[in-house]
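Data first, discussion second: the structure below is written as structure tokens.
The values are calculated or read from the model by the stated rules, or taken from the named source; none is laboratory data. Not measured: the values here are computed from a predicted model. Glycine also receives a Cβ, built like all others from the backbone with ideal geometry; neighbour counts cover every protein chain displayed. Surface areas here come from the heavy atoms of the whole protein model, side chains and all, with no ligands, DNA or RNA. Shrake-Rupley method; radii C 1.70, N 1.55, O 1.52, S 1.80 Å.
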Amino acid sequence: MAALSLRVAAECGRSRARACELRLPHGRVESPVFMPVGTQGALKGLTAAQLDALGCRLCLGNTYHLGMRPDSGGFQMVSLVELSEVTEEGVLFHSPYDGKEILLTPEKSIEIQNALGSDIMMQLDDVVSSTVSGPRVEEAMFRSIRWLDRCITAHKTPGKQNLFAIIQGGLDPALRTKCLEEMTKRDVPGFAIGGLSGGEAKDHFWRMVALSTSHLPRDKPRYLMGVGYATDLVVCVALGCDMFDCVFPTRTARFGSALVPSGSLQLKNKRYSKDLKPIDENCGCPTCQRYSRAFLHALFRHDTAAMHHVTVHNVAYQLNLMRSIRENIIQQRFPEFVQDFMKTMYGDRGSYPQWATEALASVGITLE
């Protein structure tokens, strides 16, 4: 028996956007969904109860770090590239904690995730930076397919946990298409689009996303890894993605940047020292209901609680954005929502990012 079922609740009549319901062992998750990234076994600065109160139903941990000690971070084969070596057997890491060698194989990765009991498990894939080109990209793509097979074989609880494949292939359409063809032959519960959002040109980024979603099955969730900017979320929902994760909203909060529909507010700036408005007057989060910009500005000078309050708001902003997207897909108003979103975010149409305009036009949404 499968541990995941997906029901498509509504589809946009013009683009590839869709509203779904994922049924997971620990509960239901409505998509499109943004998943905050946990750090040190939890989201930095927030309790599980606070996340629940904000409506968060899914968040991430990291196999590599959780297998060593309760910690988490970005994907380690890229962020710890100087400390690792990839072979067919697995990834050999030199621990950043004590320098010891650790071999993370597909089998070990699955063993750790089985022990953690996560609803969604990710295959160990061979991922290279999106700015890398040449034979290494092809090598990584074919190895990821072989490692997926090893992960499937090693998975002990397919009736309780869901193993997702991760599509690789860099920015090469032929390689990514080959990976899609091979991995979709495997009957796994879901698919992730990996190896993007790592510094590549946005024009290449959206085209690889669109290529991937065009080949992925309709009855399986589509998870775009490492994407968290508001514009990227809106565009990639239009391109057919269901799930997203990124450290951006929480990390930027710790630097005093609060997310708002027109972009962000840098609360450490002096201009907010006497501003008695909340971060966002239309936001119902606990931070916006209780604190002014001036208070938060002052708090950043001497108290880490400021980081906590802005983190609460930024997570709420991301979750509310995804709820609005979902509601507008269900109401068959998603193209109009996108037009309003872009106008609020960028103002003059001449300021719209060209890549976003072209990406949306490719799925039938014209910005006015």
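Take the chain with all the other protein chains still there, run a 1.4 Å probe, and you get 44 Å² of accessible area per residue.
The mean of 1/r over all distinct Cα pairs in the range 164-311, once inverted, gives the Kirkwood hydrodynamic radius of 17.4 Å. In this structure, the pairs whose alpha-carbon distance is over 28 Å, taken from Lys100/Lys178; Lys202/Lys274; Lys160/Lys220; Lys178/Lys202; Lys220/Lys343, are Lys100/Lys178; Lys202/Lys274; Lys220/Lys343.
By average Cβ neighbour count within 10 Å, what is the ranking of 339-346, 267-274 from highest down?
Ranking the peptides 339-346, 267-274 by packing returns 339-346, 267-274.
Dividing the Cα radius of gyration of the chain by 2.2 N^0.38 Å, with N the residue count, gives 0.99. Among His302, His204, His26, the largest mean-square fluctuation in a Gaussian network model of the chain (Cα springs under 10 Å) belongs to His302. In a simple Cβ point-charge model (Lys, Arg +1; Asp, Glu -1; nothing else charged), the chain has a dipole of about 1040 debye relative to its Cα centre.
Report the net charge of residues surrounding Phe334, where surrounding means a beta-carbon distance below 12 angstrom and charges are Lys +1, Arg +1, Asp -1, Glu -1.
Numbers: positive: Arg14, Arg16, Arg18, Arg326, Arg333; negative: Glu11, Glu327, Glu336, Asp340.
Result for the neighbourhood of Phe334: +1.
Surface composition of the chain: carbon and sulfur make up 51 percent of the accessible area, probe 1.4 Å.
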